[in-house]
Amino acid sequence: MKRIGIVHFSGGGSTGLFAESVAEGARAVAGTEVELLRIKGEHIVEGRWQDAPTLDVLSACNTIVMGAPTYMGGPAAQFKAFADATGYLWRSRAWCGKLAAGFTMSGNPSGDKLNTLNYLATLAGQHGMIWLNWDELPRQLDGTNHLGSYNGLMGQNPLPPGSPAALSDVDTLSARKFGDYVARVTERLG
């Protein structure tokens, strides 16, 4: 059994829906167990993220998928607090050799989402992890990878700020395909 941990922060809920769709795609691959782990505000005390059980679960996974909305050109501060809390794992090289992938969501087609994916890939690189780029060609007839990302999965919240959480049909499909891809690579390499 291969284990994939999907750790994410979601402010308005759309990134959480994205994470759930990635998990659904990964779970569809036989022999894959998925842990969906949400970073919550109550885990952050005086600016520091504190939830050791989540780090224990991630440390037991073959692959760690990281997700954060893109705010102001980078990952949300709550995700950054989580990332900073992994410092002791970095020092001990606990995640070295694990597979890693990432996704992000913003309200605009660009929204500087590539900066967030690059941040996630850099975080994985500092941990000595192996980053999984996405092999899906952009703008498929079914809408898959409509934003044309290779460094990870990008989505666009289709509704105005303050609206209820939602995913477009093409982002739901893309997320499921991304989860399937990550699970299949984990099956081969993880």
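FYI, it's all coordinate maths here, none of it is from the lab. As the structure is a prediction and not an experimental result, all values here were calculated from the model. Note: ideal-geometry Cβ built from the backbone for every residue, glycine included; neighbour counts use all protein chains shown.
By a straight-distance test (C-alpha under 24 Å), which lysines pair with Lys2 as possible cross-link partners, with residues fewer than eight away in the same chain excluded?
Lys98, Lys177
In segment 8-93, which trypsin sites (Lys or Arg not before Pro) are in a loop and have at most 15 other Cβ atoms within 10 Å, using DSSP for the loop call?
Qualifying residues, ordered by number: Lys40, Arg93.
How far apart, in nanometres, would the label points at Ala30 and Arg91 be if each is projected 7 angstrom from Cα along the Cα-to-Cβ direction?
Between Ala30 and Arg91, the label points sit 4.5 nm apart.
Can you classify segment 52-190 as rounded, prolate or oblate using the Cα gyration tensor, where a ≥ b ≥ c are the square roots of its eigenvalues, rounded means a/c under 1.5, and otherwise it's prolate if a/b beats b/c and oblate if not?
Taking the square roots of the gyration eigenvalues as a ≥ b ≥ c, segment 52-190 is oblate.
Which residue, Asn133, Phe178, His8, has the largest displacement toward the positive end of the dipole of segment 2-189 when charges sit on each Cβ (Lys, Arg +1; Asp, Glu -1)?
Towards the positive end, the residue furthest out is Asn133.
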